[in-house]
Structures are given as C-alpha cells and as structure tokens.
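Report on the following structure.
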Amino acid sequence: MNKSNVIIKVPQLGVNDDNVELVEWLVDEGSKVSVGELICVLETYKATNEVEAEVNGFLVHLVAEREVVNLNQDIAVIVSSKEKVSTIKNDQVVESKKIPGPSNKDIKATNKAIKLAKEHNLELSAIISDKSEIIRESH
C-alpha cells in the first residue's frame with residue numbers, strides 16, 4: 001500500500017476478545033468517506049462498536065458483512081481516489097489462484113489464507129463448501 005492508502009484494522013475492543021464479527025458496513029464500497037464518519041459496526045460477545053474513517057477518501061471493503069475477524073486484522077482500506085478502489089481490491093483477493101493439489105483448482109482465496117493453508121498442509125477446498133466464496137485467513 002502506498003502512503004495515500006490508509007488501512008483500517010480491527011481495534012482492541014475488549015480485554016479478552018481475540019475476534020469480533022463485522023456486523024454491518026455503513027458505507028458502500030467505493031463511496032467517499034470523511035474523517036470521523038462511521039464506516040462499519042463490529043460486535044463482540046458483550047458490546048457493539050462503530051469504527052470511524054481515519055482520513056478522507058474512498059472506502060474499500062476487505063471483509064464481508066457477518067464475517068468473524070481477528071484483532072488487528074485488516075478490514076478496509078481508504079484510498080485517495082475512486083480509481084484506486086478496484087486496484088486495491090485486485091491486490092487483496094487472488095481470484096482462482098491455483099494452489100498445488102487437484103481440488104484447489106477454482107478456489108478463490110486471499111494471499112494470507114493461501115500462505116496459512118500451505119504452512120499447515122491444508123486443502124482449501126475442505127475449508128468451505130461454496131466455491132464462489134472467498135477463503136480468508138479467518139476461515
């Protein structure tokens with residue numbers, strides 16, 4: 001990411017919380033955001049928290065609504081121009097990336113998920129049943 005892109009990470013919301021659910025995006029992907037504008041809602045076992053935009057720009061979602069995400073995981077990027085939205089999205093998700101092994105042929109996964117699967121000798125196809133779903137590190 002270059003200096004004009006700001007990554008939004010899951011903040012520490014509770015002392016014992018290692019992960020949270022991204023309940024709702026309040027701003028559509030590609031939409032313009034302003035500093036302090038609420039962009040999404042995160043939920044722990046005990047509380048609901050809203051995340052604000054840290055800078056002005058255009059929002060890129062890195063995770064889907066209802067996805068469970070880990071503490072400090074990247075959930076969004078704010079870019080300086082609308083044209084950069086698709087560029088960032090393409091950099092983050094590797095579509096139909098073939099991993100060694102016959103059952104991974106049409107699997108979509110992020111680079112982090114692919115790396116983790118390789119480290120643990122996991123077949124990506126065994127992680128999800130819907131091949132149209134993107135496998136993320138949190139899976």
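Within segment 60-74, the set of residues being open to solvent by less than 20 Å² (accessible area, probe 1.4 Å) and in contact with a Lys or Arg (Cβ under 7 Å, 6 or more places away or on another chain) comprises Val60, Val63. Considering only residues of segment 41-59 that are open to solvent by 60 Å² or more (accessible area, probe 1.4 Å) and either outside any loop (DSSP other than H, G, I, E, B) or touching a Phe, Trp or Tyr at 6+ places or on another chain (Cβ under 8 Å) (or both), which is nearest to Lys89 (Cα to Cα)? Looking at residues that are open to solvent by 60 Å² or more (accessible area, probe 1.4 Å) and either outside any loop (DSSP other than H, G, I, E, B) or touching a Phe, Trp or Tyr at 6+ places or on another chain (Cβ under 8 Å) (or both), I get Glu52. Residues in segment 60-83: is at least one farther than 20 Å from Lys112 by Cβ, over 14 Å from the mean Cα position of the chain (by Cα), free of Cβ contacts under 8 Å to residues at least 40 places away in the same chain and outside any loop (DSSP other than H, G, I, E, B)? No, there is no match, as no residue in segment 60-83 is farther than 20 Å from Lys112 by Cβ, over 14 Å from the mean Cα position of the chain (by Cα), free of Cβ contacts under 8 Å to residues at least 40 places away in the same chain and outside any loop (DSSP other than H, G, I, E, B).
Scanning segment 24-58 for residues that are more than 17 Å from Val77 (Cβ to Cβ) and basic (Lys, Arg) yields one hit, Lys46. Of all the criteria given as (1) in contact with a Gly (Cβ under 9 Å, 6 or more places away or on another chain); (2) closer than 14 Å to Lys9 by Cβ; (3) among the polar types (S, T, N, Q), the one not satisfied by Gln73 is (1). Of everything in segment 17-40 that is within 17 Å of Lys89 (Cβ to Cβ) and outside any strand (DSSP E or B), the residue that is most open to solvent (accessible area, probe 1.4 Å) is Asp28.
Restricting segment 94-123 to residues that are more than 24 Å from Val20 (Cβ to Cβ) and open to solvent by less than 60 Å² (accessible area, probe 1.4 Å), which is modelled with the highest pLDDT? Per the criteria, the residue is Ile107.
The values are calculated or read from the model by the stated rules, or taken from the named source; none is laboratory data. These numbers come from a predicted model, not from an experiment. Backbone-built Cβ (ideal geometry, glycine too); neighbour counts: all protein chains shown. Accessible surface is based on the protein model in full, side chains and every heavy atom, while ligands, DNA and RNA are left aside. Shrake-Rupley method; radii C 1.70, N 1.55, O 1.52, S 1.80 Å.
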